[in-house]
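Read through the structure below, which is laid out as structure tokens, and then see the notes.
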Amino acid sequence: MVGRSLREALLVCQVVEKGALVYLFSQLNGTPFLLSDHDVSVLRNNFLESYGQGKGE
């Protein structure tokens, strides 16, 4: 499962698509720096828990 709802799944797909574009453009500029599985997990958890939350929430 990619998201807890259709809206969240679409957002995740958009994030993946943007990441693919970043990777493509980084390849055009040389060797891209790849994130470790741990870093990806930390970033994903941060996204799921706090991304889009307003200040004070």
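Any read-out appearing in this document is the output of simple, stated calculations on the displayed coordinates, not a laboratory observation. Bear in mind the structure is a predicted one, so any value in this text is a computation, not a measurement. As a convention, Cβ positions derive from the backbone with ideal geometry for all residues, glycine included, and neighbour counts pool all protein chains shown.
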Task: Per-region count, the range 33-57, residues surrounded by 10 or more Cβ atoms within 10 Å (Cβ to Cβ) and assigned to a helix (DSSP H, G or I) - done: 10
Task: Unique match (being surrounded by 10 or more Cβ atoms within 10 Å (Cβ to Cβ), of a type outside the set (Lys, Arg) and assigned to a loop (DSSP other than H, G, I, E, B)) among GLY30, GLY19, GLY3 - done: GLY3
Task: Contacts under 9 angstrom Cβ, first residue in the range 15-40 being over 26 Å from GLY52 (Cα atoms), partner exposed (fewer than 10 other Cβ atoms within 10 Å of the Cβ), 6 or more apart - done: SER26/PHE33
